[in-house]
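Peer 1: Structure provided below as structure tokens; questions to follow.
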């Protein structure tokens with residue numbers, strides 16, 4: 001395994017594992033009350049306790065899904081050729097994958113809140 005492959009697989013795998021662990025922690029111990037420090041916090045999720053509880057559950061599931069997706073992309077690391085020119089591109093791809101994997105749960109959770117609850121609720 002060449003250094004570029006190790007960089008890609010290691011970087012993406014660490015990001016994926018962090019998302020999965022965070023998702024399981026939130027799923028097992030979701031914050032009970034609306035608070036400004038811990039949990040999935042957005043304007044729409046903090047409107048009332050029902051929305052808050054739903055958002056905590058949904059965001060935990062989406063974090064786990066996103067982490068699994070990120071870990072699954074490590075298979076692409078095995079096709080990366082050994083070439084120093086690719087190292088910068090690999091770092092960029094890792095950054096993009098991790099950013100998208102962090103944004104995806106937010107989009108999915110907000111969409112689910114919007115679909116489940118009335119605007120007035």
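Every read-out reported here was derived from the displayed coordinates using simple, explicitly stated rules and does not represent laboratory data. All values derive from a computational prediction rather than experimental measurement. All Cβ positions, glycine included, derive from the backbone under ideal geometry; neighbour counts span all protein chains shown.
Peer 1: Read through the list (1) in contact (Cβ under 8 Å) with a residue 24 or more places away in the chain; (2) more than 30 Å from residue 45 (Cα to Cα); (3) exposed (fewer than 13 other Cβ atoms within 10 Å of the Cβ), then give the number of the only condition that residue 75 fails.
Peer 2: It is condition (1) that residue 75 fails.
Peer 1: For the structure I just gave you, tell me whether residue 39 is surrounded by 13 or more Cβ atoms within 10 Å (Cβ to Cβ), without any contact (Cβ under 8 Å) to a residue 24 or more places away in the chain and either touching a helix residue (DSSP H, G or I) at 6+ places or on another chain (Cβ under 9 Å) or more than 16 Å from residue 100 (Cβ to Cβ) (or both).
Peer 2: On the way: surrounded by 13 or more Cβ atoms within 10 Å (Cβ to Cβ): yes; without any contact (Cβ under 8 Å) to a residue 24 or more places away in the chain: yes; either touching a helix residue (DSSP H, G or I) at 6+ places or on another chain (Cβ under 9 Å) or more than 16 Å from residue 100 (Cβ to Cβ) (or both): yes.
Yes, satisfied.
Peer 1: Quick check on the range 103-121: of everything there that is over 17 Å from the mean Cα position of the chain (by Cα) and in a helix (DSSP H, G or I), which residue is surrounded by the most Cβ atoms within 10 Å (Cβ to Cβ)? Let's see the steps before the verdict.
Peer 2: Taking the range 103-121 first, the residues over 17 Å from the mean Cα position of the chain (by Cα) are 113-121.
So of that shortlist, the ones also in a helix (DSSP H, G or I) come out as 113-116.
Numbers: 113: 20, 114: 11, 115: 7, 116: 13.
Restricting to residues being over 17 Å from the mean Cα position of the chain (by Cα) and in a helix (DSSP H, G or I), the top hit is 113.
Peer 1: Now for a separate question. Select, from 67, 16, 77, 11, the only residue that is within 15 Å of residue 106 (Cβ to Cβ), in contact with a helix residue (DSSP H, G or I) (Cβ under 9 Å, 6 or more places away or on another chain) and in a helix (DSSP H, G or I).
Peer 2: Answer to the check: 67.
Peer 1: Assess whether residue 4 counts as being in contact (Cβ under 8 Å) with a residue 60 or more places away in the chain and not in a helix (DSSP H, G or I).
Peer 2: no
Peer 1: Can you tell which of 90, 80 is under 16 Å from residue 14 (Cα atoms), in contact (Cβ under 8 Å) with a residue 12 or more places away in the chain and over 13 Å from the mean Cα position of the chain (by Cα)? Step through it out loud before you land on a result.
Peer 2: Numbers: 80 fails: under 16 Å from residue 14 (Cα atoms).
Result of the check over 90, 80: 90.
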